[in-house]
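The values are calculated or read from the model by the stated rules, or taken from the named source; none is laboratory data. Small disclaimer: the values here were computed from a predicted structure and weren't measured. Every residue, glycine among them, receives a Cβ derived from its backbone with ideal geometry; neighbour counts consider all protein chains shown.
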Number of protein chains: 4
Amino acid sequence: MAGLKVGRIQGRMQPLSDEKWFEYPVHVHAHHTDYAGVVWHGTYVAWLEEARVECLRSVGVEYADWVAGGCELPVVELSIRYHRFLQMGKSAVVRTRMRKMTGIRLHWEYQVQSLDGQETYITAQVTLVAVDRQSGKVLRRLPAEIKDTLAKLPAS
Amino acid sequence: MAGLKVGRIQGRMQPLSDEKWFEYPVHVHAHHTDYAGVVWHGTYVAWLEEARVECLRSVGVEYADWVAGGCELPVVELSIRYHRFLQMGKSAVVRTRMRKMTGIRLHWEYQVQSLDGQETYITAQVTLVAVDRQSGKVLRRLPAEIKDTLAKLPAS
Amino acid sequence: MAGLKVGRIQGRMQPLSDEKWFEYPVHVHAHHTDYAGVVWHGTYVAWLEEARVECLRSVGVEYADWVAGGCELPVVELSIRYHRFLQMGKSAVVRTRMRKMTGIRLHWEYQVQSLDGQETYITAQVTLVAVDRQSGKVLRRLPAEIKDTLAKLPAS
Amino acid sequence: MAGLKVGRIQGRMQPLSDEKWFEYPVHVHAHHTDYAGVVWHGTYVAWLEEARVECLRSVGVEYADWVAGGCELPVVELSIRYHRFLQMGKSAVVRTRMRKMTGIRLHWEYQVQSLDGQETYITAQVTLVAVDRQSGKVLRRLPAEIKDTLAKLPAS
């Protein structure tokens, strides 16, 4: 099956040459696909999470430690645009960066692309909020340690 | 862990009493949850798919038959807002309806709520397009049979 | 794709007419399948869990309540034989029963079959142990409440 | 939660120092876990598949190419023993090797261990058969190309 072409959606992508993204490689295995032989659309949500956590690990932070310390970062908004199908056996790269912090909301953006950057499979945005693990309530402000760590991420 | 409260997001929900939704019940099992004991945010994507396909089955159509007939309906846009956590062992209902058709694009909307309708866990929108299975290309128009079936769905 | 026929494996199935099983229906959606258009082999593990928990619910117990009460039942052994492929769009039934208790080990068995019982897709065994949630250690004996509940399950 | 200790099961592991295994690293993300904060027992099935396919890639073969060429290798038997819990945020290694070929049946074995090899989380066996993609029937013999490739794998 050839790629899915949805008119002008791909044309909205900006050139990225001078921007800094964290890159997380993936390979499409059978369990990622559905009957169509391409990545099932929900599989990407797991990849976005993995890329985000690995991005934090690249600056020395283990998300599980934040959780153990009482602060969780659940997803409160997720949006994905699917541009092309990605087939079993292919490799791809999940590119991510934190676009901005607004209070306790962290805005991340994503592109899943071919290794040569010529094809974009999906683009996505994810918003997280800082939540107190004990009470389940949104924190008033980001813990200083977390804020400092996020400041070390590749600038967008 | 108590529910996640994100300011005014929940206030945007409209009263639904005079609207027709297809309702698909779910129960939260261990494999739906993550370390926080609540439904992992990507799990909902599977439930949205199940509710959509079961909605079609409620009017006599098996999606797999459309696929066998050469027409697929892949997701091209997905957006989810997470309002409250949904815990292991709880039951909930996925409410869905097709909001509109614009050419070959089908716009579905969703609410995952408690059985009594008092709590909303997520709201979501999904857009599908009709694609030719052989070529992978977007169809110019919806096959008549599919269009007729969709017209039978609960009106929004 | 036709069913997978693996020699005499199917012939080992016993007639089941006089036995009591709990039956949990499933329907194959896209996210359950892989590139081959049939249920991905790992998907069954989720269905086995769902059937087991729903079997407990059928006698009035919510597994999440046992967990909240401090007792978990993690899987310590799992074995599955795959007899036939199960295709997207098909319905099937997960048949399960607790075969025996040996101390704190619970032995469950499963068959996933077509609705008419004519085709067997997989057969499986799962062994659980009772674990103290706080310490993570295996309990010396089953809590009385849990033992009593399990005694109410369909006898094998 | 501490590790799950199930009596003498771990004692059955043999020393592995003089054997050749393919090693595939994994890191535990939120979507791999369940309410207990540890890897959900079904998640391992995906990791076993990934390790097997990456093992083939390490000798130059892409499984998707075999599928495109008409030969699939579905799983016909799977068994897993769970020895210890593996927690979110931890890294581990999936060690695998093809133990033997008997006709068209390929027998693989696995260990998921801590990076230092001191802890074993699970051990597993998976049996695959070669199936003709078109007919869905088991092949009489392995295609020569596939047999030659498998002969290049780390010897057990």
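Below, the figures for the structure above:
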item: Residue in region D:85-93 that is at the interface with another protein chain (Cβ under 9 Å from one of its Cβ atoms) and closer than 22 Å to C:Ala36 by Cβ present; result: no
item: First in region A:60-73 and of a type in the set (Phe, Trp, Tyr), second anywhere and assigned to a helix (DSSP H, G or I), Cβ under 7 Å, 6 or more apart; result: A:Tyr63/A:Val53; A:Tyr63/A:Leu56; A:Trp66/A:Ile146
item: Tabulated pairs, region C:34-56, first on the phi > 0 side of the Ramachandran plot and at the interface with another protein chain (Cβ under 7 Å from one of its Cβ atoms), second surrounded by fewer than 23 Cβ atoms within 10 Å (Cβ to Cβ) and in a helix (DSSP H, G or I), C-beta under 9 angstrom, 6+ apart or interchain; result: C:Gly37/B:Ala64; C:Gly37/B:Val67
item: Residue identified as at the interface with chain B (Cβ under 9 Å from one of its Cβ atoms) and hydroxyl-bearing (Ser, Thr, Tyr) among C:Tyr63, C:Tyr82; result: C:Tyr63
item: Only one of B:Thr102, B:Thr96 that is under 25 Å from C:Val39 (Cβ atoms), more than 12 Å from every other protein chain (Cβ to nearest Cβ) and of a type outside the set (A, V, I, L, M, F, W, C); result: B:Thr96
item: Residues located in region C:105-144, provided they are more than 10 Å from chain D (Cβ to nearest Cβ), more than 30 Å from C:Phe85 (Cα to Cα), surrounded by 12 or more Cβ atoms within 10 Å (Cβ to Cβ) and without any contact (Cβ under 8 Å) to a residue 60 or more places away in the chain; result: C:Ala130, C:Leu142
item: Residue list for region D:62-106, restricted to those being part of a loop (DSSP other than H, G, I, E, B) and more than 30 Å from A:Val53 (Cα to Cα); result: D:Gly69, D:Gly70, D:Leu73, D:Pro74, D:Gly103, D:Ile104
item: Filtered residues of region D:114-156 (kept if aliphatic (A, V, I, L, M) and not in a loop (DSSP other than H, G, I, E, B)); result: D:Ile122, D:Ala124, D:Val126, D:Leu128, D:Val129, D:Val131, D:Val138, D:Ala144, D:Ile146, D:Leu150, D:Ala151
item: Candidate set from region D:42-54 (those that are surrounded by 22 or more Cβ atoms within 10 Å (Cβ to Cβ) and out of contact with any helix residue (DSSP H, G or I) (no Cβ under 7 Å at 6 or more places or on another chain)); member that is farthest from D:Leu150 (Cα to Cα); result: D:Tyr44
item: In region A:56-77, residue surrounded by the most Cβ atoms within 10 Å (Cβ to Cβ) [restricted to those that are more than 17 Å from A:Val131 (Cα to Cα) and in contact with a helix residue (DSSP H, G or I) (Cβ under 9 Å, 6 or more places away or on another chain)]; result: A:Leu56
item: Every residue from region B:34-59 that is assigned to a loop (DSSP other than H, G, I, E, B) and modelled with pLDDT of 95 or more; result: B:Asp34, B:Tyr35, B:Ala36, B:Gly37, B:Trp40, B:His41, B:Gly42
item: Test: residue in region C:83-90 that is of a type in the set (D, E, K, R), touching a helix residue (DSSP H, G or I) at 6+ places or on another chain (Cβ under 9 Å), touching a residue at least 24 places away in the same chain (Cβ under 8 Å) and surrounded by 20 or more Cβ atoms within 10 Å (Cβ to Cβ); result: yes
item: Boolean, B:His31 is within 30 Å of A:Val67 (Cα to Cα), modelled with pLDDT of 70 or more and in a loop (DSSP other than H, G, I, E, B); result: no
item: Meets criteria (within 26 Å of C:Val26 (Cβ to Cβ) and at pLDDT 95 or above) for C:Arg81; result: yes
